[in-house]
Every structure is written in structure tokens, then in C-alpha cells.
1. Can you tell me which residue among Glu34, Glu97 is charged (D, E, K, R), more than 30 Å from Met18 (Cα to Cα) and out of contact with any helix residue (DSSP H, G or I) (no Cβ under 9 Å at 6 or more places or on another chain)?
2. Can you give me the number of residues within segment 34-51 that are assigned to a loop (DSSP other than H, G, I, E, B) and modelled with pLDDT of 90 or more?
3. Of the residues that sit in segment 81-102 and are open to solvent by 70 Å² or more (accessible area, probe 1.4 Å), outside any strand (DSSP E or B) and on the phi < 0 side of the Ramachandran plot, which one is modelled with the highest pLDDT?
4. Name every residue in segment 52-75 that is surrounded by fewer than 11 Cβ atoms within 10 Å (Cβ to Cβ) and either outside any loop (DSSP other than H, G, I, E, B) or not hydrophobic (A, V, I, L, M, F, W, C) (or both), in order of residue number.
5. Inside segment 2-33, can you point out the residues that are under 17 Å from the mean Cα position of the chain (by Cα) and at pLDDT 90 or above?
Amino acid sequence: VGQPEGGGAPPEAPERMMVHLPMGTLPGQILKAERHNGMPFSFTVPNGATAGDAILVSIPPVIQTVVSLVLPQGHPPGSDVAFYAPNGALLKCRVPEGAGAGAQI
């Protein structure tokens with residue numbers, strides 16, 4: 001009783017933070033804010049909220065995905081290489097020491 005299906009741990013409650021609504025804010029508007037670590041997130045202004053209000057918003061979880069890259073020629077250790085992730089996002093990483101063309105990083 002009280003266990004989620006599959007016997008795993010119950011899901012964690014979403015992290016929340018107070019956000020002050022800027023002038024001109026309207027209910028239903030999508031605004032951006034920053035997590036405590038500086039990473040941005042978006043939220044929808046709830047009905048009844050107005051400019052100047054401080055509201056409690058749920059911070060969506062950060063979904064991390066591991067991607068690998070076969071290093072192309074022309075990128076020595078310490079240089080940056082740009083590539084597209086499977087979702088189409090343009091990413092950049094620094095070539096680690098000892099890695100050369102054809103290495104999987």
C-alpha cells in the first residue's frame with residue numbers, strides 16, 4: 001500500500017521558487033526565470049496573477065542526456081568542436097587531452 005507501481009521510490013516533489021512578476025505581465029503569458037544555478041526555465045503566469053505579484057512556481061526538472069561524438073580531423077586537444085545533438089540542438093565541447101581524430105568522446 002502506498003508504493004508506486006514497479007516498486008520504485010515515490011517521485012520527488014518538484015522544486016519551487018518565488019518569482020516576482022514584471023510590469024506588463026498578464027495571466028497566461030509565458031515568462032522565463034533562472035534556477036538557483038543560473039539555468040533558465042519557462043513558466044506560465046497563472047490566472048489571477050498580476051504585475052508586481054510574487055508567485056510560487058514549479059521548476060521543471062533538468063533532463064540530462066549523454067551524447068558521444070566521433071572526433072573529426074582538425075580539432076586538437078584543448079580546442080572546441082561544435083556538433084548537433086540528436087534533438088537538433090547545436091552543442092559545443094572541449095577536446096580532451098590525448099584525444100585525436102576518430103576518437104569517441
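The values are calculated or read from the model by the stated rules, or taken from the named source; none is laboratory data. Note that the coordinates shown come from a computational prediction; the quantities given were computed from them, not determined experimentally. Glycine gets a Cβ as well: all are built from the backbone with ideal geometry, and neighbour counts include every protein chain shown. Note: accessible area is taken over every heavy atom of the protein model, side chains too, but ligands, DNA and RNA are not part of it. Shrake-Rupley method; radii C 1.70, N 1.55, O 1.52, S 1.80 Å.
1. On the way: Glu34 fails: more than 30 Å from Met18 (Cα to Cα).
Matching residue, one of Glu34, Glu97: Glu97.
2. In the first step, residues of segment 34-51 are kept if they are assigned to a loop (DSSP other than H, G, I, E, B); the result is 35-39, 45-51.
Subsequent filtering for residues that are modelled with pLDDT of 90 or more retains 45-51.
Qualifying residue count, segment 34-51: 7.
3. Step by step, filter segment 81-102, then rank; the result is Glu97.
4. Hits for segment 52-75 are Gly52, Ala54, Leu56, Gln64, Thr65, Ser68, Val70, Pro72, Gln73, Gly74.
5. Kept after step one, since they are under 17 Å from the mean Cα position of the chain (by Cα), are these residues of segment 2-33: 14-17, 30-33.
Scanning segment 2-33 gives Arg16, Met17, Ile30, Leu31, Lys32, Ala33.
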